[in-house]
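Written out below as structure tokens is the structure these notes cover.
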Amino acid sequence: ANPNPRIELAGPNMRTAKAGQRVALTAKTSDPDGNAVALKWWVWKEAGSYKGMAELKLAGADAALLVPRDARPGDTIQVIAEATDDGAPALTRYEKIVVTVER
């Protein structure tokens, strides 16, 4: 049986940031049986309360969320780290980071 890959986030799952701020996102992945793991970052727009477009800048296993300048205090933006191994069958694990906009 193919076990799920692992994701370890650098920093807490719940964060705060000001409108216009850059939030660094870093994760390490591993797989218990040594399969290769691909990491993908994406904004889960439907789950957050901010309804505009939040931009992610990707750089390998790292990403940066650019909190939109029009985000209001209390808005939330949810970012997903998605790790998929190349085992048979391929398995995926998710971690979520919630960024709440502060004053």
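The values are calculated or read from the model by the stated rules, or taken from the named source; none is laboratory data. This is a predicted model, so every value here is computed, not measured. In case anyone asks, the SASA skips ligands and DNA or RNA and just uses the protein heavy atoms, side chains included. Shrake-Rupley method; radii C 1.70, N 1.55, O 1.52, S 1.80 Å.
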- [ ] Please determine, by comparing only the residues of region 20-45 that are β-branched (V, I, T) and more than 22 Å from V101 (Cα to Cα), which one is farthest from the chain's Cα centre (by Cα).
- [x] V37
Task: Filter result for the condition that a residue is open to solvent by 40 Å² or more (accessible area, probe 1.4 Å) and part of a strand (DSSP E or B), over E82, E46, E95 - done: E95
- [ ] Pull up region 49-74, narrow it to residues that are within 17 Å of the chain's Cα centre (by Cα) and assigned to a loop (DSSP other than H, G, I, E, B), then point me to the one that is modelled with the lowest pLDDT.
- [x] G60
